[in-house]
Amino acid sequence: MAASSPEEPHYGGFSRFELELEFVQCLANPGYLSYLAMQKQFEKPEFVAYLGYLQYFRAPRYSKYLHHPGPTLRTLELLQNERFRREIINPELVNQLMIQGQRNAVPDKKD
């Protein structure tokens, strides 16, 4: 884990980086994205700006801490698109993303 400086504030015992890391990894879950859309989070300019701020995870210095960097970084990229943020509330899109994620997680069988 990234070393936190002694003067860095902690929230519930966790550094800001640790909390942001946990949150950004949750964004790879299409169900969670749908929940955020239902809560109208993607309509709030400050939340959209926060998603832009989280782009720092694209840098190798930070992406090395992601458990599943491919899906997480792809979602961060998609969330920069207003149309994607509007359409993620659609259950068909959520289902399609879940199926796609499962296919990508399981290697093809070689006979």
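The values are calculated or read from the model by the stated rules, or taken from the named source; none is laboratory data. Note that the coordinates shown come from a computational prediction; the quantities given were computed from them, not determined experimentally. Positions of Cβ are generated from backbone atoms using ideal geometry, with glycine treated the same way; all protein chains shown enter the neighbour counts.
Tabulated results
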{"quantity": "Test for R85: is it farther than 27 Å from G12 by Cβ and either under 13 Å from the mean Cα position of the chain (by Cα) or at pLDDT 90 or above (or both)", "calculated": "yes"}
{"quantity": "In the range 80-89, residue surrounded by the fewest Cβ atoms within 10 Å (Cβ to Cβ) [restricted to those that are closer than 15 Å to K40 by Cβ and not β-branched (V, I, T)]", "calculated": "E82"}
{"quantity": "Unique residue being of a type outside the set (S, T, Y) and in contact with a Lys or Arg (Cβ under 7 Å, 6 or more places away or on another chain) when the list is L79, L97, L54", "calculated": "L79"}
{"quantity": "Hits in the range 24-73 (condition: touching a residue at least 12 places away in the same chain (Cβ under 8 Å) and outside any helix (DSSP H, G or I))", "calculated": "L27, A28, Y65, L66, H67, H68"}
{"quantity": "Candidate set: the range 26-46, residues that are more than 17 Å from Q102 (Cβ to Cβ) and either crowded, with 16+ Cβ neighbours inside 10 Å or of a type in the set (K, R) (or both); chosen: the one nearest to the chain's Cα centre (by Cα)", "calculated": "L27"}
{"quantity": "Options L21, L76: the member that is part of a helix (DSSP H, G or I) and over 23 Å from Q102 (Cβ atoms)", "calculated": "L21"}
{"quantity": "Test result for G52, modelled with pLDDT under 95 and out of contact with any strand residue (DSSP E or B) (no Cβ under 8 Å at 6 or more places or on another chain)", "calculated": "no"}
{"quantity": "Selected residue (criterion: nearest to E18 (Cα to Cα)) from residues of the range 79-92 that are in contact with a Leu (Cβ under 9 Å, 6 or more places away or on another chain), assigned to a helix (DSSP H, G or I) and of a type outside the set (K, R)", "calculated": "F84"}
{"quantity": "Residue count for the range 47-65, restricted to those that are among the aliphatic types (A, V, I, L, M) and over 10 Å from the mean Cα position of the chain (by Cα)", "calculated": "3"}
